[in-house]
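These notes are about the structure you will find just below.
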Amino acid sequence: MSAISKVKQTLATLKGAEATLRMYYVQEQNKEAKSIYSDALEEINKINMELDKRIGVMEFEEPQYKGN
């Protein structure tokens, strides 16, 4: 498995975790717990954006990986 494939797989996994956290956030009644979910969602979103940028750089440097 290539490095870009691993990064893309990691991004997909994090997007799944983000969706799960979002579901928990919506269902949560406790304000403190809801705040914790919100903070976690913000952090995952930042990581996702950084991984997206990294994938863009990798695809630019290695055009054969673009779209894979």
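With all protein chains present, how much of the accessible area of the chain (probe radius 1.4 Å) comes from carbon and sulfur, to the nearest whole percent? Walk me through the numbers on the way to the answer.
On the way: 2860 of 5100 Å².
Carbon and sulfur together cover 56 percent of it.
Just the Cα atoms of the chain: what Rg and Dmax do they give in Å?
In Å, with Rg to one decimal and Dmax whole: 15.1, 48.
Starting from the Cα of residue 2, step 7 Å toward the Cβ, then list every residue of the stretch 41-68 with an amide N under 20 Å from that point.
Flagged as within label range: 51-68.
Within straight cross-link reach of residue 31, meaning Cα distance under 27 Å, which lysines are found once same-chain residues fewer than 8 apart are removed?
15, 46
Which whole-number value in Å² is the accessible area per residue of the stretch 1-45, probe 1.4 Å?
Numbers: 3210 Å² over 45 residues.
Value for the stretch 1-45: 71 Å² per residue.
Please give the calculated 222 nm ellipticity per residue for the chain, where each DSSP H segment of at least 4 residues contributes -39500 (n - 2.57) and the sum is spread over every residue; nearest 500 deg cm²/dmol? It would help to have the intermediate numbers written out before the result.
On the way: 2 runs with 56 residues, N = 68.
Rounded to the nearest 500, it is -29500 deg cm²/dmol.
Subtracting the Cα-Cα distance from 0.36 nm times the residue separation, let me have the gained length for residue 48 to residue 66 in nm, one decimal.
Details: separation 18, 0.36 × 18 = 6.48 nm, distance 1.80 nm.
4.7 nm is the gain from fully extending residue 48 to residue 66.
The values are calculated or read from the model by the stated rules, or taken from the named source; none is laboratory data. For clarity, every value in this text was computed on a predicted model and none was experimentally measured. Every residue, glycine among them, receives a Cβ derived from its backbone with ideal geometry; neighbour counts consider all protein chains shown. Heads up: the accessible areas ignore ligands, DNA and RNA and are worked out on the full protein's heavy atoms, side chains in. Shrake-Rupley method; radii C 1.70, N 1.55, O 1.52, S 1.80 Å.
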